[in-house]
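Below is one structure; the comments refer to it alone.
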Amino acid sequence: MAQVFPYTYYSCPCVESSSTKPNAVQSAPQEAAPFLEDEEENTFDPRSPRANFSLYPIEHLLYCTDCHQIRCPRCMVEEVVCWYCPNCLFEVPSSTVRSDGNRCTRNCYNCPICTSILSISSLEKPTEGLTPNDAASDAAKAPGGPYFLSCPFCQWSSLEIGIQFEKHFNLTSQLQKIIRGDTHRLGSVTDLASPRGEEMEGEIQGRASVASVEDTAPLPIQGDTETLFTNLYNFYRAQLSELSDANPYSLSSDYSFASPSSITRLMNLYGSGGRTKKDRPKPIREAAEFSEGQKVSNPLSEKENIDRIRSVGWEGTASVEQRLQQCREDVGFVDELRPLATLLRTKKSKRCKICRQILSRPESKVSTNRYKIKLLALNNIPKITMRSLNAQPAQHPSFPMQATAPGSDEASTLKPLVPTHFLLTITNPLFDSIKVTLATPSTTPGCVKSKVTILCPQFDVGANTDVWDEALSSATDRSSKRQSQMLSAGPDGGSLTGIQAEAGKVWERGRNWTSIVVEVAPGSLPDSIGHVTLGDDAQGDGGAALDEDEDVLEIPIFVRLEYETEAGGDDGGAAHARKEDAGKEKREEAFWAVLGVGRIAG
Amino acid sequence: MSRPSAARKAPKGEYIETDSGNKVWRKANISGAPNITLGGRTVIREDVHLRGDLHRLSTTKEDGSKSSSSHSISIGRCSVVAAGCVIKPPCRVSRGVLTYYPMKIGDNVFIGPNSTIQSASISSHVHIGEHCVLQPFSMVRENVKILPHTIVPANMVIPSNSVVGGRPARIIGEVGEGWGAAGGASAAGGAGTGGESWVEGGDLRELVRSIR
């Protein structure tokens with residue numbers, strides 16, 4: 001997916017506390033350490049590998065109202081509210097998930113080739129010469145079996161692997177039965193599949209011959225994965241129970257050292273005279289035979305595989321993705337792929353990792369989208385948007401009205417070494433007016449050094465009051481004159497003489513937003529100097545010298561807010577909030593954000 | 001300073017504006033208009049094909065009751081169908097007859113340019129990128145983002161709050177909790193701001209208003 005410019009990513013403070021002071025979180029989780037580093041003039045580098053894990057668009061961030069901090073997916077704890085199948089949207093109780101695994105046990109299957117949803121169709125021919133009246137008759141109402149699964153996207157069908165069903169419901173148990181029978185003798189499937197087309201017959205015979213090769217080969221017993229798993233599982237269970245018989249305090253069901261049984265065991269081991277005179281327990285051994293779940297790799301089957309690759313060719317082998325999606329590990333060929341039961345999805349509630357406050361909690365019903373609790377960062381920290389001052393993009397980046405030809409996106413392409421003005425708008429979602437201080441390193445980090453100047457780094461943003469306040473009061477601070485001048489100057493911005501951006505002055509101001517001008521002089525790409533080539537060619541050349549996306553101009557910006565608010569009575573943010581007068585509280589917040597402006601042309 | 005959209009360059013009167021505020025491009029290809037419902041403040045851009053003529057044929061049952069509504073496409077409020085889209089009700093052979101099924105598109109849905117929609121239903125607050133194909137009987141639930149150039153296979157159900165992409169479409173992520181929240185840029189204040197007040201999946205009323 002191509003990146004849409006401009007974008008703003010917010011850096012969660014958790015990245016700094018975990019990168020420079022790994023112990024800070026563990027030792028004093030209540031203290032907000034990140035701001036200390038900022039005072040040491042460590043600027044945020046959006047290109048550092050670590051930054052990847054802290055930069056999020058604002059709609060993915062939550063805000064802990066106790067800690068007064070942004071919370072990103074890394075510093076939240078998730079709890080599953082409910083499980084559901086994304087296809088049939090049925091909720092699956094968690095007990096079923098625990099016993100049957102996280103797959104849909106109804107009739108939802110994904111194509112093993114292309115992962116799209118399979119649909120169930122009947123093999124029976126539709127009745128001839130149907131008129132609507134005929135269609136109403138009983139015979140036509142429910143097409144009879146046998147049924148098969150088919151993929152509407154890649155035209156794969158379960159007949160290709162010789163699977164069809166007698167009933168169109170309860171596919172899971174039918175499929176399980178077929179697969180169980182399939183592992184040793186294919187006869188059952190062929191019996192089941194008697195009324196099928198001639199080409200299918202040939203297919204099956206082909207497969208049967210493969211199966212007969214399997215049967216005749218002097219292989220050790222190879223069970224299917226499930227038998228192997230149950231064998232191994234039982235074997236390990238037996239081993240563990242033997243062990244716990246030997247030592248009543250040892251591993252019974254939980255392995256964690258924090259459990260009381262483990263602690264008593266440790267106390268016994270190291271305590272004075274607590275040592276039991278029992279024999280040392282037998283060491284746990286590994287499975288040694290098939291009944292214990294051992295699987296022996298078979299050189300003969302390797303040779304057979306090679307022969308099969310020769311015959312079926314590249315198309316007949318399964319790709320890595322297809323093999324990874326299968327639940328069995330010994331799949332190598334396309335005709336061994338089985339339909340996949342759809343993986344379940346979850347609804348999750350999220351908690352703050354530090355104070356355990358619930359940050360978001362959806363309603364537990366699958367069908368609703370409402371949230372009981374939702375503490376959005378959007379409603380608590382100002383929104384930063386950026387756009388070019390002169391060149392208006394032809395259309396909104398995420399709401400294109402007309403199809404754009406590739407490469408026509410000149411609005412986000414920056415000319416190197418030409419100072420360009422950008423409008424930075426800060427929108428305040430809070431009900432108190434805020435005082436904003438912006439800071440940015442004068443040259444951007446990375447190997448393409450661009451100069452960035454914030455013309456007005458300190459300003460106020462009005463409170464998010466009632467919308468009608470602004471509409472009713474005529475004394476808004478909006479510089480409409482400037483606006484009209486802008487429009488008269490034309491979209492190309494050729495004659496912007498009268499409205500030069502002044503340093504230290506706010507560009508435009510509204511009810512709860514303020515715009516300022518940022519001057520950016522993009523650095524030149526190292527390779528493009530001396531080359532007189534077309535933009536695309538130069539970018540291709542530069543790509544060799546530069547890392548991927550090194551030509552993207554990203555401006556790290558440090559945002560600090562100060563505001564006074566009603567004392568909430570919570571002491572969670574005591575580090576930042578100090579009590580002023582009765583009822584009023586001064587609060588301070590700071591975070592890094594990254595503004596993606598565009599690509600620098602070569 | 002609202003963003004001059006592409007529409008502004010066009011002379012006035014490119015749209016037919018209905019009483020409920022729907023803006024339909026004059027030259028949009030709309031067939032079977034009686035079978036199409038627009039919920040109000042919905043925008044249909046140029047070169048959009050709305051195939052309202054493809055509706056279920058009225059069948060009279062033996063007891064004489066007419067069991068059909070000739071309704072084919074209904075689009076909710078504040079939805080935007082960008083240029084070059086084809087919206088065609090899904091069809092399949094049912095009881096031996098090729099039957100078209102009505103299609104429902106919810107509120108605040110954005111459909112990017114040159115997409116082909118044959119879904120059974122698209123719920124509200126859905127953002128569909130450009131050049132997408134939604135094959136017959138796919139269902140898109142609320143708060144879904146479909147990335148550009150995605151092909152949603154037939155019969156696929158896209159659950160709420162997911163991001164899908166790819167050919168065929170797979171669920172590749174979740175939209176954040178803040179999907180559709182404007183974050184303080186409220187409707188009336190946003191009209192004159194430097195930044196637009198509409199966001200993906202949010203209330204598209206302002207976007208519709210800005211289209212002239």
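The values are calculated or read from the model by the stated rules, or taken from the named source; none is laboratory data. Quantities reported herein were computed from a predicted structural model and do not represent experimental measurements. Positions of Cβ are generated from backbone atoms using ideal geometry, with glycine treated the same way; all protein chains shown enter the neighbour counts. Accessible surface areas use protein heavy atoms only, side chains included; no ligands, DNA or RNA. Shrake-Rupley method; radii C 1.70, N 1.55, O 1.52, S 1.80 Å.
Worth a mention:
- Chain B and chain A together bury an accessible surface of about 5200 square angstrom, both sides counted, with a 1.4 Å probe and no ligands or nucleic acids included.
- For the segment A:374-380, counting C-beta atoms of other chains within 10 Å of every residue's C-beta and taking the mean gives 5.
- Close amide H pairs (under 5 Å, H built 1.01 Å from N) link A:ALA318 with A:PHE333, A:VAL334, residues at least 5 positions away or on another chain.
- Drop in accessible area of at least 40 Å² in the complex versus isolated chain, residues of the range A:49-64, 1.4 Å probe: A:GLU59, A:HIS60
- Protein-only accessible surface order, largest first, of A:TYR63, A:TYR56 at 1.4 Å: A:TYR56, A:TYR63
- Under the Karplus curve 6.51 cos²θ - 1.76 cosθ + 1.60, θ = phi - 60°, whole-Hz ³J(HN,Hα) for the range A:325-337, x wherever Gly or Pro sits: 6, 6, 7, 10, 9, 9, 9, x, 10, 4, 7, 9, 6
- To the nearest 10, the accessible area of A:PHE53 is 120 Å² with a 1.4 Å probe.
- Delta accessible area of at least 10 Å² on complex formation, residues of the range A:87-120, 1.4 Å probe, chain isolated as reference: A:ASN87, A:LEU89, A:CYS114, A:THR115, A:SER116, A:ILE117, A:SER119
- Segment A:THR565..A:SER297, full-extension length gain: 89.5 nm, with 0.36 nm per residue of separation and the alpha-carbon distance subtracted.
- Cα centre as origin, Lys/Arg/Asp/Glu Cβ charges: the range B:64-172 dipole, Debye: 300 debye
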